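Novice: Submitted below is the structure of interest, expressed as structure tokens.
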Amino acid sequence: MTDTYKISIITVTYNAGEILERTIKSVLNQSYSNLEYIIIDGKSTDNTLDIIHTYTNHISKWISEPDNGLYDAMNKGIKLASGNYLWFLNAGDEVFAPDTITKMLSMGEADIYYSDTLVVNMQGSEIGLLSKLTHNNAPDKLNWRKMKQGMVVCHQSFVVNRQIVVPYSVEYKLSADIDWVIRSLKAAKSVVRCEFLLSKFLTAGLSKQYLGSSMKERYQILKTHFGFFPNLWNHLFLAIRFLTTSRKNKLQ
């Protein structure tokens with residue numbers, strides 16, 4: 001397959017110098033050549049800029065300035081991107097393998113590509129597949145209605161055609177990703193599941209630090225898209241499943 005489509009990979013970072021380089025290297029190691037790599041830094045005060053300067057010849061565009069939160073920074077990346085497809089990999093996340101993009105595009109043109117995800121820790125060691133660790137199972141047939149169960153696909157393993165990309169809602173501070181995924185799926189005509197992995201996801205996100213607030217936002221987002229009573233019923237089901245799984249884990 002020729003490198004027909006430009007892929008814009010966007011990394012948002014802030015004081016993540018300890019883990020940024022692994023993300024950069026995973027992008028630079030791609031066998032696919034038609035790449036645009038963009039870094040949006042929130043005016044870091046650690047060694048982030050030193051790392052960016054080390055690789056500046058391989059970074060298409062980068063900025064370092066204060067922002068109004070994660071999703072404001074991601075919107076800056078959307079505005080700078082010129083690729084046919086956009087892919088968000090934040091500091092610490094990685095493209096899974098050097099041939100990942102080549103394999104993805106060999107599956108034919110689509111509005112969205114997605115896959116299961118390998119979860120890693122701060123040291124880069126494997127924890128396991130996200131589908132085995134959570135309800136985030138990257139279902140075989142993904143559409144926006146599947147999202148009534150929550151974030152069933154990892155944002156880092158979700159590549160979107162530029163023609164249907166919309167800005168993130170800055171109304172939400174912690175969970176705008178699920179709203180963005182739902183709106184992308186609503187606009188998509190073709191959604192392709194990759195049977196290989198697209199990304200490695202570092203399990204140390206902003207929403208984990210503020211889990212309660214994140215869950216409240218998700219509830220409001222899902223209510224907006226699915227309605228009050230369907231959302232209430234589905235959250236009751238999710239709560240029962242969570243309690244059942246927790247009990248089983250304690251018994252093991």
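The values are calculated or read from the model by the stated rules, or taken from the named source; none is laboratory data. The model shown is predicted, which means the values in this text are computed figures rather than measured ones. Reconstructed Cβ throughout: ideal geometry from the backbone, glycine too, with neighbour counts over all protein chains shown.
Novice: What are the pairs with Cβ atoms under 7 angstrom where one residue, in the range 143-168, is touching a residue at least 40 places away in the same chain (Cβ under 8 Å) and the other, located anywhere, is in a loop (DSSP other than H, G, I, E, B) and of a type in the set (Ser, Thr, Tyr)? Sequence gap at least six, or different chains.
Specialist: Pairs found: 157/115.
Novice: If you scan the range 23-48, which residues turn out to be buried (at least 17 other Cβ atoms within 10 Å of the Cβ) and of a type outside the set (S, T, N, Q)? Quick ask: steps written out before the conclusion?
Specialist: The first filter runs over the range 23-48 and keeps only residues buried (at least 17 other Cβ atoms within 10 Å of the Cβ), leaving 23-24, 26-27, 30, 32, 35-42, 44, 48.
Across the range 23-48, the qualifying residues are 24, 27, 32, 35, 36, 37, 38, 39, 40, 41, 42.
Each row is one residue, and each column tells you yes or no for (1) hydrophobic (A, V, I, L, M, F, W, C); (2) crowded, with 23+ Cβ neighbours inside 10 Å; (3) touching a helix residue (DSSP H, G or I) at 6+ places or on another chain (Cβ under 9 Å).
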{"position": "65", "(1), (2), (3)": "no, no, yes"}
{"position": "75", "(1), (2), (3)": "no, no, no"}
{"position": "82", "(1), (2), (3)": "no, no, yes"}
{"position": "85", "(1), (2), (3)": "no, yes, yes"}
{"position": "91", "(1), (2), (3)": "yes, yes, yes"}
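Novice: Can you name the number of the only condition in (1) assigned to a helix (DSSP H, G or I); (2) touching a strand residue (DSSP E or B) at 6+ places or on another chain (Cβ under 6 Å) that residue 51 fails?
Specialist: (2)
Novice: If residue 81 passes every condition in (1) hydrophobic (A, V, I, L, M, F, W, C); (2) within 19 Å of residue 33 (Cα to Cα); (3) under 14 Å from the mean Cα position of the chain (by Cα) but one, which one does it miss?
Specialist: Failing condition for residue 81: (3).
Novice: Got a number for residues in the range 113-162 being under 22 Å from residue 218 (Cα atoms) and either assigned to a strand (DSSP E or B) or among the acidic types (Asp, Glu) (or both)?
Specialist: Selection size over the range 113-162: 7.
Novice: Condition test on residue 170, is it among the aliphatic types (A, V, I, L, M), surrounded by fewer than 22 Cβ atoms within 10 Å (Cβ to Cβ), touching a strand residue (DSSP E or B) at 6+ places or on another chain (Cβ under 7 Å) and over 20 Å from residue 195 (Cα atoms)?
Specialist: Considered against the rule, which asks whether it is among the aliphatic types (A, V, I, L, M), surrounded by fewer than 22 Cβ atoms within 10 Å (Cβ to Cβ), touching a strand residue (DSSP E or B) at 6+ places or on another chain (Cβ under 7 Å) and over 20 Å from residue 195 (Cα atoms), residue 170 comes out as no.
Novice: Moving on. Answer yes if at least one residue in the range 61-79 is among the β-branched types (Val, Ile, Thr) and within 21 Å of residue 164 (Cβ to Cβ), and no otherwise.
Specialist: Yes, the conditions are met somewhere in the range 61-79.
Novice: I would also like to ask the following. Please go through the range 163-197 and give me each residue that is farther than 20 Å from residue 104 by Cα and either assigned to a strand (DSSP E or B) or out of contact with any helix residue (DSSP H, G or I) (no Cβ under 6 Å at 6 or more places or on another chain) (or both), ordered by number.
Specialist: 171, 173, 180, 183
Novice: Can you tell me how many residues in the range 54-71 are touching a Gly at 6+ places or on another chain (Cβ under 9 Å) and in a helix (DSSP H, G or I)?
Specialist: Adding up the residues that qualify gives 1.
Novice: Ok, one more. Go through the range 15-48 and give me each residue that's assigned to a loop (DSSP other than H, G, I, E, B) and either of a type in the set (Val, Ile, Thr) or at positive phi (or both).
Specialist: 15, 43, 45
Novice: What tally of residues in the range 94-108 results from selecting those that are over 18 Å from the mean Cα position of the chain (by Cα) and outside any helix (DSSP H, G or I)?
Specialist: So the count comes out to 5.
Novice: Looking at this structure, is residue 87 outside any helix (DSSP H, G or I), at pLDDT 95 or above and under 30 Å from residue 67 (Cβ atoms)?
Specialist: Yes.
Novice: Filter the range 101-126 down to the residues that are touching a helix residue (DSSP H, G or I) at 6+ places or on another chain (Cβ under 9 Å) and of a type in the set (S, T, N, Q) and list them by number.
Specialist: Hits for the range 101-126 are 115, 117.
Novice: Taking the residues in the range 166-225 that are farther than 21 Å from residue 9 by Cβ and of a type in the set (Phe, Trp, Tyr) as candidates, determine which candidate is modelled with the highest pLDDT.
Specialist: If we take residues in the range 166-225 being farther than 21 Å from residue 9 by Cβ and of a type in the set (Phe, Trp, Tyr), then 172 is modelled with the highest pLDDT.
Novice: Next question. Does at least one position in the range 59-70 carry a residue that is under 19 Å from the mean Cα position of the chain (by Cα) and among the aliphatic types (A, V, I, L, M)?
Specialist: Looking for residues that are under 19 Å from the mean Cα position of the chain (by Cα) and among the aliphatic types (A, V, I, L, M), one finds at least one in the range 59-70, hence yes.
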